[in-house]
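The values are calculated or read from the model by the stated rules, or taken from the named source; none is laboratory data. This one's a predicted model, so the numbers in the text were calculated from it and none came from an experiment. FYI the Cβ positions are ideal-geometry reconstructions off the backbone, even for glycines, and counts take in every protein chain you see.
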Amino acid sequence: MLAVEGLEVEYGKVRALWGVSFRVDRGETVAIIGPNGAGKSTILRTIAGVLRPAGGRIAFRDREIGGLAAHQVARLGVALVPEGREVFPAMSVVENLLLAGRLQRDRARVRETLEWVYDTFPRLAERQRQAAATLSGGEQQMLAIARALMADPHLLMLDEPATGLSPLVVDRIFEVIRALGARGATTLLVEQNVHLALEVAARGYVLERGRVILAGDAPRLLDHPLIREAYLGLPAAGPGQGGGG
Amino acid sequence: MAPTAASRARRTPPSLGIALGMVAGAALLLAVTRELFLLQVLTFVFIFAIYAQSWNLVAHSGQFSLGHATFLGLGGYASILLARNLGLPPAVSLFVGPLLPALVGLGIGRLCVRLREWYLGMVTFGFTAITQLLVVEQFGWLTNRWDGLEAPRLLPAGLSVEGAAVGNYLIGLGLMVATYLAVASLMRSRTGLAFATIHDNELVAGVSGVDVRRYRILAMGAGGYLAGLAGALNGHTLTRHISPGVFGIEDSIWPLLYSIAGGLRTPEGPILGTLVVRLFWELMLRRLGGFESLITIVLMLAVIVRFFPQGLYPLVLRGVAAVGARPAVRR
Amino acid sequence: MILDPGVLLQVLIWGLVIGSVYMLLATGLTLIFGVMKVINFAHGELMMTGAFLTFLLWHALGLHPYLGVFVSMAGVGLLGIAVERLGFRPLRGTAKINEIFLSIALILILQNALARAFIPYFREYAQIRTPYAHRVFDLGLLNLRYDFAILLGLTWAVMLGLYLLLFRTEFGREMRGTSQNRLAAALMGIDVGRIDTASFGIGAGLAALAGSLYGIINPFSPYSGTLPAIKAFAVIILGGLGSIRGAVLGGLLYGVVEGFATFFLGGAWRDATAFILLLLVLLVRPEGIFRERA
Ligand SMILES: Nc1ncnc2c1ncn2[C@@H]1O[C@H](COP(=O)(O)OP(=O)(O)O)[C@@H](O)[C@H]1O
Ligand SMILES: [Mg+2]
């Protein structure tokens, strides 16, 4: 579905990504994890066409999309739920959703998707006439995800959907991500919360300072000494003792 | 990435040397020619380089004023009124008068202390129109409304035409160089560094302990004084008259054009820009009408902005460096 | 003596007519700012370009001014599109000063181009004369000039059209979306560059209508656009940058206040009103002007 090879990205003259490669297969949920500033958002923004790559290739459904404008990438079926939600503040919930619904060719399916999205996030159905700016942080995150789903994308990309939300909301959101995976959706998930991410993902990539330093199946990564030590605060080997939080 | 304030300071040649160079060049020219028109054009360049210097100083603190003519005009009016109505010698009123725009600058700076970019632009733009209105209507009894005021000469009356032209030329040169040295040392001082920090990022400046409010207001006040000085000097030497037309949009735009052409945020840029643009302007006026010349100038500046976003001064520096590099290599 | 209701009504109508000019200017400015985050300082000059086009069509070709207005709107709209495409688009993402420079430089270019093109033919001031210049509706309390009635009707028809476009069409939703969150709009597949172009074109077209109205009720020169534009700046700062509703209400209210200030305090106060209002806001509620909402 998505194959990224040797991706390099620069902000002005400052390089953020140094030859990043990974792939996401159809129907797979893949996680990219790494500390703050590693370049996770930069990867997603570049795939989405918000940033231009300085080098490397991005193939989506066997088509080179590196350097396309954001709206072109979106029309090909890539949906990004960006960091910081980025809803349309003065529009109502339903207007937010319908604006994304335009990306579907089939008008009839927009209604259908809307119903399904409301089923998934009943909170949004309750607040459909309310301006997005008046929603709580958790509700805005749900709206941002729901809006991405409205486009019925081939690839869904989520940038730290758990950050800054209450545990209850986080649980709900990850439930949805898991359910989407079960339905056969293809998802690229970026997280700092390694546990959460590797629980829903089949595979993961660890990014540090703009480079992939580790890759593998989720269970293997969870057991990897480096991950246990640096990210989970556990001893490098042996059964987990709970560690500091 | 933009060079930091420190690296900029390191790369620029010492300002005293440049000042001496400017004086030497101007004196040399005077030794070669006494062509009246040329002297007048250059006097104009000196005066408006002070004006551009003022705009550039304010811009250095991150504030793009689009109403600088307020200061230019108020300085001119204040000095001329002091000389006419209170009998102050113009040589004194020239320096006292600009205190008015300095005060107004402090006031505007205070009022607009939280405005940035477009907001600040719109408000300062509007202030010029208010000022014009006040000068014409509310203070019409003092300012003779649209007809304006005759300005007493700065130089003694008995001088020959050539003598007066040379005198104005030298006074303009002297004040421009003095302003240049003052602004250059200000930019290098702690205050200048604070300005630059605010320009680069107001939030960061505030967090790192720079009193953003104080420095922004200070910059507007200092800018007001220098612009007012240029206005007063212009009135007492070149135009010998002032009218509310001075508060037009064009006079607010020129210092911006000069500074951008020469190079923002260096004390040399405004001088170079004023010289180049003004000479170009005079040359064009010989071939084209005023309207066409203005349009051509603006288009030329658009090209500069597009292809040399740092202005012309870095080009000059590079040229000098290229010439100076050879002996350095040998050494 | 002056509290005669007929006279007050007359002043109100005058205020609404001149307020329509400010409303059209402010709406265009705020629309452009909302989408592009750029203030078009040359809006007053686009306005005068519109006035001159209508004038020229009428004066040289004998086109009825109320038809010419539409041609002029289309013409200036195209000019706005060209300005966005050739001017602002290449500067997007560079230093803010470049956009400010372009915006300000356009004033000089347009003013001088207009002066060059028109002053030799029409001396300093021109005015558009409609066939109804001396006709009035006698409404008992007041005499309503035909031109005023038509101008108010025309303005409101255009504003209604704009409202329908923005709030009842897919394209309008895209435009509002871009204005509220440019990044999100692009991620929703909206070609934000196209929206930029459209908003500048529409803003310029509205300015042309404002200019033509102005030119029917006042004599004008290439320099006449500056003050109305400054007043429109005051209006959009008061009404909130990017807010259409603020621009519409603010523009009309401003016109009415100016009308009454002129009537009661005298002509010297006409132009001072804007700045006194602006100063008051700056002093009393400086934080209020940072609100950006579409
Ligand atoms: N707009 C930007 N301008 C300059 N540098 C940036 C910008 N955004 C991110 N960076 C830099 O790029 C690197 C990667 O950032 P980002 O992709 O946001 O990391 P992450 O999402 O993993 O926290 C960081 O060093 C960050 O400072
Ligand atoms: Mg991030």
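Please specify each residue of segment B:278-301 satisfying the condition of being within 12 Å of another protein chain (Cβ to nearest Cβ) and within 18 Å of residue B:56 (Cα to Cα).
Within segment B:278-301, just B:301 meets the criteria.
Among the candidates B:81, B:74, B:57, which residue alone is more than 14 Å from every other protein chain (Cβ to nearest Cβ) and within 11 Å of residue B:223 (Cβ to Cβ)?
Only one candidate qualifies: B:57.
Failed condition for residue A:9, given (1) away from ligand 2 (no atom under 14 Å from the Cβ); (2) farther than 23 Å from residue A:232 by Cα; (3) away from chain B (no Cβ under 14 Å); (4) not hydroxyl-bearing (Ser, Thr, Tyr), with all others met?
For residue A:9, the failing item is (1).
If I ask for residues that are more than 16 Å from residue A:67 (Cα to Cα) and within 14 Å of another protein chain (Cβ to nearest Cβ), which ones from segment A:33-50 would you list?
A:41
Could you identify the single residue in C:116, C:85 that is without any contact (Cβ under 8 Å) to a residue 12 or more places away in the chain, surrounded by fewer than 22 Cβ atoms within 10 Å (Cβ to Cβ) and of a type in the set (Lys, Arg)?
Selected residue: C:116, the only one of C:116, C:85 that is without any contact (Cβ under 8 Å) to a residue 12 or more places away in the chain, surrounded by fewer than 22 Cβ atoms within 10 Å (Cβ to Cβ) and of a type in the set (Lys, Arg).
With (1) in contact (Cβ under 8 Å) with a residue 60 or more places away in the chain; (2) more than 9 Å from chain C (Cβ to nearest Cβ); (3) of a type outside the set (Ser, Thr, Tyr); (4) away from ligand 2 (no atom under 16 Å from the Cβ) as the list, and residue A:147 as the residue in question, which single condition is left unmet?
(2)
If we scan segment B:46-56, do we find a residue that is assigned to a loop (DSSP other than H, G, I, E, B) and β-branched (Val, Ile, Thr)?
no
Go through segment A:1-27 residue by residue and tally those that are aliphatic (A, V, I, L, M), farther than 19 Å from residue A:221 by Cα and within 16 Å of ligand 1 (Cβ to nearest atom).
6
Residue-wise test of (1) under 12 Å from the mean Cα position of the chain (by Cα); (2) surrounded by 24 or more Cβ atoms within 10 Å (Cβ to Cβ); (3) under 25 Å from residue A:38 (Cα atoms).
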position	(1), (2), (3)
A:127	no, no, no
A:140	no, no, no
A:150	no, yes, no
A:154	no, no, no
A:158	yes, yes, yes
A:161	yes, yes, yes
A:168	no, no, no
A:174	yes, no, yes
A:180	no, no, no
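The rows are residues; the columns are (1) over 26 Å from residue B:25 (Cα atoms); (2) assigned to a helix (DSSP H, G or I); (3) in contact (Cβ under 8 Å) with a residue 12 or more places away in the chain; (4) facing chain C (nearest Cβ under 9 Å).
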| residue | (1), (2), (3), (4) |
| --- | --- |
| B:105 | yes, yes, yes, no |
| B:113 | yes, no, yes, yes |
| B:130 | yes, yes, no, yes |
| B:137 | yes, yes, no, yes |
| B:141 | yes, yes, no, no |
| B:167 | no, yes, yes, no |
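When segment A:186-209 is examined, which residues are found to be crowded, with 19+ Cβ neighbours inside 10 Å and not in a strand (DSSP E or B)?
Of everything in segment A:186-209, those that are crowded, with 19+ Cβ neighbours inside 10 Å and not in a strand (DSSP E or B) turn out to be A:194, A:196, A:197, A:198, A:200, A:201.
Considering segment C:159-186 alone, what residues qualify as being away from chain A (no Cβ under 14 Å) and free of Cβ contacts under 8 Å to residues at least 60 places away in the same chain?
C:160, C:161, C:163, C:164, C:165
Got a number for residues in segment C:141-161 being touching a Gly at 6+ places or on another chain (Cβ under 9 Å) and over 30 Å from residue C:3 (Cβ atoms)?
Selection size over segment C:141-161: 1.
Kindly provide the set of residues from segment A:66-85 that are facing another protein chain (nearest Cβ under 7 Å), surrounded by fewer than 23 Cβ atoms within 10 Å (Cβ to Cβ) and under 12 Å from residue A:45 (Cβ atoms), ordered by number.
If the condition is that a residue be facing another protein chain (nearest Cβ under 7 Å), surrounded by fewer than 23 Cβ atoms within 10 Å (Cβ to Cβ) and under 12 Å from residue A:45 (Cβ atoms), then A:82 is the only one that fits.
Within the bounds of segment C:120-128, is there any residue that is over 30 Å from residue B:252 (Cα atoms) and either surrounded by 19 or more Cβ atoms within 10 Å (Cβ to Cβ) or of a type in the set (A, V, I, L, M, F, W, C) (or both)?
yes
Residues checked against (1) among the charged types (D, E, K, R); (2) at pLDDT 95 or above; (3) in contact with a strand residue (DSSP E or B) (Cβ under 7 Å, 6 or more places away or on another chain):
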| position | (1), (2), (3) |
| --- | --- |
| C:25 | no, yes, no |
| C:48 | no, yes, yes |
| C:59 | no, no, no |
| C:75 | no, yes, no |
| C:80 | no, yes, no |
| C:91 | no, no, no |
| C:97 | no, no, no |
| C:107 | no, no, no |
| C:110 | no, no, no |
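Across segment B:60-103, what is the number of residues that are without any contact (Cβ under 8 Å) to a residue 24 or more places away in the chain and part of a loop (DSSP other than H, G, I, E, B)?
Within segment B:60-103, residues that are without any contact (Cβ under 8 Å) to a residue 24 or more places away in the chain and part of a loop (DSSP other than H, G, I, E, B) number 4.
Would you confirm whether or not segment B:276-296 contains a residue that is closer than 24 Å to residue B:71 by Cα and buried (at least 22 other Cβ atoms within 10 Å of the Cβ)?
yes
Looking at (1) touching a residue at least 12 places away in the same chain (Cβ under 8 Å); (2) under 29 Å from residue B:269 (Cβ atoms), which is the only condition residue B:147 fails?
Of the numbered conditions (1) touching a residue at least 12 places away in the same chain (Cβ under 8 Å); (2) under 29 Å from residue B:269 (Cβ atoms), the odd one out for residue B:147 is (2).
Report yes if some residue within segment B:253-264 is outside any helix (DSSP H, G or I) and either under 25 Å from residue B:279 (Cα atoms) or touching a residue at least 60 places away in the same chain (Cβ under 8 Å) (or both); otherwise report no.
Among the residues of segment B:253-264, at least one is outside any helix (DSSP H, G or I) and either under 25 Å from residue B:279 (Cα atoms) or touching a residue at least 60 places away in the same chain (Cβ under 8 Å) (or both), which makes the answer yes.
Is it true that residue C:38 is part of a loop (DSSP other than H, G, I, E, B) and either within 14 Å of chain B (Cβ to nearest Cβ) or touching a Ser or Thr at 6+ places or on another chain (Cβ under 8 Å) (or both)?
In short, yes.
Residues checked against (1) more than 16 Å from ligand 2 (Cβ to nearest atom); (2) closer than 18 Å to residue A:70 by Cβ; (3) under 15 Å from the mean Cα position of the chain (by Cα):
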| position | (1), (2), (3) |
| --- | --- |
| A:4 | yes, yes, no |
| A:31 | no, no, yes |
| A:52 | yes, yes, no |
| A:55 | yes, no, no |
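Would a scan of segment A:116-126 turn up a residue that is more than 16 Å from ligand 2 (Cβ to nearest atom) and within 13 Å of another protein chain (Cβ to nearest Cβ)?
Within segment A:116-126, not a single residue is more than 16 Å from ligand 2 (Cβ to nearest atom) and within 13 Å of another protein chain (Cβ to nearest Cβ).
Can you pull out the residues in segment B:144-165 that are part of a helix (DSSP H, G or I) and away from chain C (no Cβ under 14 Å)?
Across segment B:144-165, the qualifying residues are B:147, B:161, B:162, B:163, B:164, B:165.
I'm trying to understand the selection: among the residues of segment B:229-258, which are of a type in the set (S, T, N, Q) and more than 18 Å from residue C:106 (Cβ to Cβ)?
Of everything in segment B:229-258, those that are of a type in the set (S, T, N, Q) and more than 18 Å from residue C:106 (Cβ to Cβ) turn out to be B:234, B:237, B:239, B:243.
Looking at the structure I just gave you, is residue B:275 part of a helix (DSSP H, G or I), within 10 Å of another protein chain (Cβ to nearest Cβ) and at pLDDT 85 or above?
no
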